[in-house]
Amino acid sequence: MSWVNDLISLYDSNSDVAGKIFSDRNGKQYTLFPLYHSSAMADIEVTITSNGTFVTAALIEKENKFTVIPVTEESNSRTANVAPHPLFDTLLYLAEGYGKVIRDSKKNINDYHRVYMQRLWEWMMSAYTHKTVRAVYLYLQSGSLLNDLTEVKAITLDDKGFIADKNPKPFIRFLIAENDSEEPVRSWEDRSLQESWIQYYRSMERPEVLDYLTGRKQRECVSHPKKIRNDGDSAKLFSGADKINFTYRGRFAAKSEAVTIGEESSQKIHSALNWIIRKQGKALDSMTLVVWESSNKDIPSWDDGTADIIGYESQEETDDDTNERLAKRFYSSLYGYENELPVDSKVHLMAFDAATPGRLSFTEYKTMQTVHYLDSIKKWHEECAWTHPNFDNDGKRNYYIGVPGIKKIVEAVYGTEDGKKLKIRDDKLYPFYMKRLLPCIWNGTKIPADIVLSSVERASMPQCYEWYNWERVLCTACSLVKKSRKESKKEEWDVALNKECKDRSYLYGRLLAIADRIEYMTYDKEKDYKRITNAKKYMTAFYQRPYGTWQIIERNIQPYLNKLGYPEKRFMENQLEEVYQLFDEENFQNNKRLEGLYLLGFHSQSFELKRSYKNNENTEE
């Protein structure tokens, strides 16, 4: 299993940061768990001395609740059974006399504290004891925890002496105050304490079995960790506990006859996944996707847009050297990544989904040499490169050349307007289309034809969007059409206007852009900025029936031509005539639906006219 080796290697190469707490972009804390450790969200922080004397206690603020805790195999997957965590746990396990302050207590309520104290004593008396273990044991042995928490109002009791808080079983962690001159030790971050538990847990006598994942002898892992995708995740990667529905029965008498997995292998696999997902994973509805480089170096994400990779650069209109400058910046950026990578660097991708709350499965697993990965990224961005709008913080529209990120592509092709933004109303569409576009980038497969067609149809409906959203939809369609034409017809298309092209769809797109510009030139920019031109109103019909619809558009633009000054009118008439001359008469009168190439003609001609107008080149006859 190569993915097993990938995850174990990821854990081993980053073991130096095990136990160190980080914060993700949303402020949530996470860590790479040391072996035989997990996490809990602590509610109360109790400060004691190294001799087990109570100092104080306080409620923990929400953003600081994350706590690394030592666990056993049984406690890490406990449900209703008595399986205490070795050190930090809930009040149910830590407090002597807890049954007296809780309503509806279980018959065996005292067993929780008794078993906890027995296990803690065994750790304290072992050769791998730690001063924090001794301090906690001495304090809890005194039996004063409930009284201490009540006195400092960390918990409250009602008139009948029962816990009145919403959470009757708060999770407790400990600070160790060694002396008055220093800050108390945050025991959940104490690496020496974590190592103490690892050595003690390894020393416990348990039989070894053959680990089928690594081929080495290890202690068998019977119950595997949860919390893989998030802290509330109960789905497991490995599970064979179902003795009723024939998970293994009928073929084996016991699940160990089917496969055995080593405890440390399981720990490393799950800890590595837990860490890398929180560090750089993406949650898309029920699917979780994560990509990493084998030596944990920064690499561009496959679903990033060009502007995300090379940085945004304003481009008011296209210039002759646009592609050259884009290539220089893009190649320079990718070379910067490549130059930092080791020779044997690989990129790994994993995606997970859960059909049920208890079962987690791989939906994608890919790995390749990072050099090939960067080449695939480069190819995607080169072959999809088109002019795209970008709005700065002041709302000013600028342009960059490249391709949007995959999420923005999906929004443009399948999204609807929600306020001022394009959004996907069904969250399941994101992972569905990301999975379909993923091999287009990783493996260089063709863009699905239905996605290209849908982008063209959406771009042909400007009346359904605000102008700024429609421009985003249009430019996205141009990128996809350009890429699709490269794949199916080996054609090379550029942002710059191709004045030699005689393709019927491209020429009709140019005509539509000229008609749109003629009308727009007569508008008052302040009063008519929301007004849509006749060319855009008829764009859907034009896409379906170009010849018949053009007759209508051509008649409608005559009044606007007459409103223009003589130089402008003459210039626009010449533009129309130039396109007419490139048409074959039979193709011009063909009323068959246009191909997506008409959008490239429309967009390139629109930019050419804007540039010509700004440069005052429209004064020639």
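The values are calculated or read from the model by the stated rules, or taken from the named source; none is laboratory data. Given the structure is predicted, the values throughout are model-derived calculations rather than measurements. Heads up, the Cβs are rebuilt from the backbone with ideal geometry, glycines too, and the neighbour counts pull from every protein chain shown. Just so you know, the surface numbers come from the protein's heavy atoms only, side chains and all, with ligands and any DNA or RNA stripped out. Shrake-Rupley method; radii C 1.70, N 1.55, O 1.52, S 1.80 Å.
For this structure, a couple of remarks:
- Relative contact order of the stretch 1-158: 21 percent, from C-alpha pairs under 8 Å at least 6 residues apart in sequence.
- Nonlocal amide H pairs with Lys236, under 5 Å, H built at 1.01 Å: Arg359, Leu360
- The packing ranking, built from the mean of other Cβ atoms within 10 Å per residue, places the peptides 457-464, 573-580 in the order 457-464, 573-580, highest first.
- Extension gain, Thr363 to Asp418, is 16.7 nm, computed as 0.36 nm per intervening residue step minus the present C-alpha separation.
- Computed label-point distance, nm, for sites Ser144 and Val209 using a 7 Å Cα→Cβ extension: 4.7 nm
- Ordering of 542-551, 122-131 by burial proxy (mean other Cβ atoms within 10 Å per residue, highest first): 542-551, 122-131
- Over the stretch 531-618, Cα pairs under 8 Å with separation of 6+ residues give a relative contact order of 39 percent.
- Of the peptides 554-560, 264-270, the ranking by mean beta-carbon count within 10 Å, highest at the top, reads 264-270, 554-560.
- Modelled this way, with points 7 Å down the Cα-to-C-beta line, the labels at Asp308 and Asp528 are 3.9 nm from one another.
- Under 16 Å from Lys153, Cα to Cα: lysines that are on another chain or at least 8 residues apart: Lys166, Lys169
- Interchain or long-range residues, amide H under 5 Å from Leu32's placed H: Gly19, Lys20
- Cα-based values for the chain, radius of gyration first and Dmax second, are 32.9, 101 Å.
- For the stretch 43-50, Karplus couplings with θ = phi - 60° (6.51, -1.76, 1.60), whole Hz, Gly/Pro x: 10, 10, 10, 9, 9, 10, 7, 5
- Within the stretch 114-162, the ratio Rg/Rh, alpha carbon atoms throughout and Rh by Kirkwood, equals 1.14.
- Whole-Hz ³J(HN,Hα) from phi, Karplus 6.51 cos²θ - 1.76 cosθ + 1.60, for the stretch 122-136, glycine and proline x: 4, 5, 4, 8, 7, 6, 10, 5, 8, 4, 5, 4, 5, 5, 5
- Between Asn390 and Asn398, Tyr399, Tyr400, the built amide H atoms are under 5 Å apart, and every one of these is 5 or more places off in sequence or on another chain.
- Backbone N under 17 Å from the Asp165 label point (7 Å along Cα→Cβ), restricted to the stretch 48-84: 48, 55-67
- Percent accessible area from carbon and sulfur atoms, the chain, protein chains only, probe 1.4 Å: 47 percent
- Comparing Tyr414, His372, Leu429 along the charge dipole axis of the stretch 351-466, the residue lying farthest to the positive side is His372, per the Cβ-charge model.
- Between the stretch 351-393 and the stretch 455-490, the C-alpha centres lie 21 angstrom from each other.
- Computed lengthening from Asn590 to Ser2, 0.36 nm per intervening residue step minus Cα-Cα distance: 206.1 nm
- Residues Met41, Met204, Met434, ordered by accessible area of protein heavy atoms at a 1.4 angstrom probe radius and largest first, appear as Met41, Met204, Met434.
- Once the Cα atoms are used to define both axes, helix 546-563 deviates from the longest principal axis of the chain by about 70 degrees.
- Computed over protein heavy atoms with a 1.4 Å probe, the accessible surface of the stretch 11-113 works out to 45 Å² per residue.
- Relative to the longest principal axis of the Cα atoms of the chain, helix 191-203 runs at roughly 70 degrees.
- From phi via Karplus (6.51, -1.76, 1.60), per-residue ³J(HN,Hα) for the stretch 377-391 in Hz, x at Gly/Pro: 4, 4, 4, 4, 6, 5, 7, 9, 4, 8, 6, 10, x, 9, 10
- Note on the stretch 403-426 and the stretch 6-67: Cα centroid distance 38 Å, given to the nearest whole angstrom.
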